[in-house]
1. What tally of residues in the range 249-294 results from selecting those that are at pLDDT 90 or above, closer than 26 Å to residue 862 by Cα and outside any helix (DSSP H, G or I)?
2. Of everything in the range 638-667 that's surrounded by fewer than 24 Cβ atoms within 10 Å (Cβ to Cβ) and free of Cβ contacts under 8 Å to residues at least 40 places away in the same chain, which residue is farthest from residue 256 (Cα to Cα)?
3. For the subset of the range 767-814 comprising residues that are assigned to a strand (DSSP E or B) and open to solvent by 10 Å² or more (accessible area, probe 1.4 Å), which member is farthest from residue 829 (Cα to Cα)?
4. Name every residue in the range 48-85 that is open to solvent by less than 70 Å² (accessible area, probe 1.4 Å), closer than 20 Å to residue 310 by Cα and among the charged types (D, E, K, R), in order of residue number.
5. How many residues does the range 697-715 contain that are among the charged types (D, E, K, R), buried (at least 17 other Cβ atoms within 10 Å of the Cβ) and closer than 28 Å to residue 229 by Cα?
6. List every residue pair whose Cβ atoms sit under 8 Å apart, with the two residues 6 or more apart in sequence or on different chains, where the first one lies in the range 779-803 and is without any contact (Cβ under 8 Å) to a residue 12 or more places away in the chain and the second, anywhere, is open to solvent by less than 70 Å² (accessible area, probe 1.4 Å) and not acidic (Asp, Glu).
7. Check off (1) under 29 Å from the mean Cα position of the chain (by Cα); (2) open to solvent by less than 40 Å² (accessible area, probe 1.4 Å); (3) modelled with pLDDT of 90 or more for residue 88 and give me the number that stays unchecked.
8. Of all residues being of a type in the set (Gly, Ala, Ser) and touching a helix residue (DSSP H, G or I) at 6+ places or on another chain (Cβ under 6 Å) in the range 263-306, which is farthest from residue 92 (Cα to Cα)? Just the residue, please.
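The values are calculated or read from the model by the stated rules, or taken from the named source; none is laboratory data. Keep in mind the model is a prediction, meaning the values are calculated, not measured. Cβ: placed from backbone, ideal geometry, glycine included. Neighbour counts: every protein chain shown. Calculation scope for accessible area: heavy atoms of the full protein, side chains included, ligands and nucleic acids excluded. Shrake-Rupley method; radii C 1.70, N 1.55, O 1.52, S 1.80 Å.
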Amino acid sequence: MPLSPKQKEVLVTLGELVLRAFDRISDHARGKLSGGVRPDGSSLLPEEARRNLSRILYEDRQALQTLQHEPSIARVEVTWLDTNAEEVLYVCRTSSAGICPDGLEGRLVSYRAALGRLAAIPAGKEVEIAIPRGERPALVRVRAELHPSHVAAGWDSIDNSFELIDWRVAIESIRRLLDYERQAPAAPIVSDFLAQMFAEDQAQQLYLSQRRRKIIDRMQLRDRPTLDQYQDLIFRLPLDKQLFLLGPPGTGKTTTLIKRLGQKRTEEALTMEEADKLTLLGIKDDFLAPSGWVMFSPTELLKLYVQEAFNRESIPAPRQNLRTWDAERISVGRDALRLLKGATGGRFVLADAEDTLIDCRSPSLARLHDEVASEVDSGVVARCSRAREWMRDSNDGTVQGVLAKIEARFGSGPVTLKMLHDLGRDAQVFSSDLDLLSGQIDEQQRAFANRMLMPDPVRGLSELAGALLRDSAPDFSAEEEEQDEEEESESFGDEIPASSDGTRGEAAAGKVLLRAVRWLAVDALQGHRRPAAGDVGSALRWLGDRAPSGEELVELGQRIQLLRRLRILSGAPRSLIFGVPSIYSRFRRRCAAEGRWFRNILPRYNKISPAEADVLILVMLRNARRALDELGSKSWLKPIEDRYLMQVLVDEATDFSAVQLACMLELAHPKLRAWFACGDFRQRITRHGILASDELRWIAAKANVSQIEIRQIETDYRQSPRLRALAEALDSGRLPDSLPVDGDPPPLLAEYLAGEELAAWLAERILEIERSVGSLPSIGIFVDGEDRIDPLVASIRPRLTERSLRIVGCRDGRDVGNVQEVRVFDIQHVKGLEFEAVFFVGVDSLAERLPDLFDRYIYVGVTRAAAFLGITCQARLPETLESVRPLLSEQTWAA
């Protein structure tokens with residue numbers, strides 16, 4: 001319905017106010033920036049206070065720079081129903097930096113703050129807004145969504161939406177609106193038909209019933225300065241929530257995730273309850289620090305893709321904040337848990353290509369975790385029970401004295417996990433006995449070692465170091481497993497590190513020699529020689545006839561055995577974490593022999609697959625959290641505590657297994673557990689990805705949180721109706737009752753295309769898109785395999801070069817290419833991206849190679865395109881897609 005003169009007058013007034021406000025806000029921010037902000041006396045503040053002040057000043061400067069270039073993203077007129085007072089709010093994207101521009105007819109507020117929520121409420125709706133004094137009722141009377149743009153003539157705002165209580169309209173350009181209405185004649189000259197026609201056409205361009213879909217001209221997450229009222233509520237939920245946001249493609253899940261991060265990292269946007277909680281827990285500064293959060297992404301390409309979205313929200317997002325789980329697995333497993341071999345220890349080597357598990361699907365991995373976790377708990381309890389029984393069976397008076405102390409404090413009943421945590425927390429009951437025994441053992445074993453190195457200790461250690469280097473072997477044998485179990489309470493299987501030049505130094509060799517003495521002392525006590533492997537075996541072979549014997553050695557063995565039992569008991573909480581690799585190694589050998597969990601071929605002792613590593617990392621992180629709850633902070637827990645993150649975000653979460661997601665939740669700081677994931681089960685394209693929301697209950701139970709709250713969003717803002725209908729048909733298996741008639745291009749199908757014919761067809765379609773849009777939008781071509789990228793690029797390039805267009809291959813998912821380039825990717829990197837046009841090349845070969853995941857890849861591929869979609873086959877359309885053939889056109893877009 002055409003707008004009335006009164007409505008146009010309202011829009012002109014609003015437009016003038018908006019552009020004037022842009023001027024005021026931008027000029028004020030520019031003035032504050034040029035004046036600088038550095039309070040006197042800051043050099044006298046304590047170091048921590050100086051760091052906080054520096055962070056605040058940096059964030060204020062960033063906010064002012066944002067306001068200078070983007071003064072406001074929304075204008076809201078609100079009536080406060082408790083007082084009937086009216087107020088105008090200009091809403092900015094990030095922080096208002098506390099500025100109050102002169103001459104502004106309203107107040108400037110941050111979208112992240114509580115009042116910013118009004119920018120997401122439709123005109124005519126009432127809402128309760130949380131303010132420090134409580135809830136305040138408000139009626140939104142006018143709402144305008146704005147996109148500031150500075151042009152030669154001054155400020156403008158493009159692609160705008162104006163909502164009033166009874167009507168709404170989209171305005172493509174406020175400046176063009178003002179120019180048109182100011183110059184429009186009161187009564188058009190009827191005889192000037194062309195002038196009248198041009199005026200009507202311009203009015204149609206200015207006043208739209210709805211905002212035009214924005215053309216995707218670059219490869220980045222689409223900008224949405226404000227969210228709808230439902231997503232807005234989600235990103236404002238309390239910071240200590242565990243949330244899983246579900247929704248189909250193009251509904252703004254990742255945008256909501258990023259806005260939540262920005263809101264929670266803005267101090268002025270935190271609620272009083274949130275700020276008080278962070279202060280009470282003593283983690284506020286860490287929470288607001290740039291390094292306090294991480295977003296996990298399935299691929300490197302997605303990390304690059306969302307980078308610009310973080311920049312728009314003024315969130316510094318260096319590489320350490322955007323991570324893949326593949327990289328995090330190695331970092332946590334090697335540096336914090338010492339599960340994976342590194343320069344200073346570790347047991348296992350991660351073998352990406354080694355598929356030792358029979359079933360790698362998410363539910364199976366969850367069951368494997370539960371069995372391994374139970375094995376660890378029962379294994380440590382059993383080991384501690386054996387240690388106590390050994391003490392009970394001993395006739396040694398010292399042993400009985402220590403046992404009496406333990407049982408007087410902790411009881412003589414069956415050993416339980418709670419008892420072990422109590423014993424670990426109150427180990428001072430027998431700490432003096434531990435110190436005495438340790439001193440006696442050190443003195444005795446050094447005496448033996450010095451005697452064996454005579455007459456030339458320096459030469460002896462040098463020879464031993466050389467022998468260790470020659471005998472160094474990468475794999476564990478079964479004997480090493482037994483040896484490691486024996487010494488687990490002392491070293492947890494750590495290897496002796498090499499020196500900086502790659503050799504093992506004399507000090508390291510001396511430590512190995514002491515271990516060999518301990519091995520011999522226990523042999524002497526037990527009255528038989530055990531085979532020794534690894535470093536200890538090498539040292540014993542080097543000693544030969546110089547190895548000591550006698551009663552003195554038996555006495556040392558008795559002390560060592562007692563010390564080991566005491567360490568087993570006092571170190572049980574630590575064994576529940578760092579003893580996991582040894583326990584798992586024995587569990588894996590037993591299960592492989594029984595034909596459970598593992599393939600018939602016995603896995604190599606020190607090689608584990610990524611899925612196995614995930615299971616062990618979860619067991620170790622979960623037990624570390626339990627130990628932290630029971631014992632408080634300990635020095636041996638610090639490497640794990642240092643890995644905790646104040647906020648953990650997960651994008652495309654359905655591509656991760658439940659075990660992986662649980663690991664990410666365990667990395668969320670135990671005092672807060674701030675964890676937010678988003679995804680879509682229909683877009684899962686990994687075999688190990690989580691299958692259904694039921695698995696979230698398992699994750700919550702393992703993480704000891706009450707529940708992972710699921711929120712669902714449905715509104716799609718990405719695709720044309722034609723492509724949305726195709727995606728829905730692929731998902732449901734049913735054709736729509738009627739095809740959309742909207743003037744958008746139909747999805748194309750081309751069969752029996754390969755080689756030069758395929759290149760010619762693709763080049764012609766790309767040129768058609770450019771002519772249709774008026775410029776080259778963002779175009780992605782997906783092929784089945786990295787090896788097909790370069791040949792396709794080479795065959796298309798000459799055809800596009802004639803029109804001054806570039807085509808590039810983006811290999812290994814590590815390159816997003818540049819604007820004004822057609823980009824070619826392997827289909828495995830399709831997830832999460834969006835383009836104006838997508839070509840899916842050779843879908844029939846993909847159907848043959850991945851029959852179990854093919855339908856998901858097709859669904860995801862189709863949903864990457866906003867307006868143009870082309871599907872090609874080397875032969876015929878796969879049988880599984882025949883049902884949607886009626887939705888595909890075999891013509892061209894120019895036809």
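1. Going through the range 249-294 one residue at a time, the tally reaches 0.
2. Across the range 638-667, the extreme among qualifying residues is 638.
3. By that ranking, first place goes to 806.
4. Correct list: 55, 59, 60, 70.
5. 1
6. 797/807
7. (1)
8. Ranking the candidates gives 297 first.
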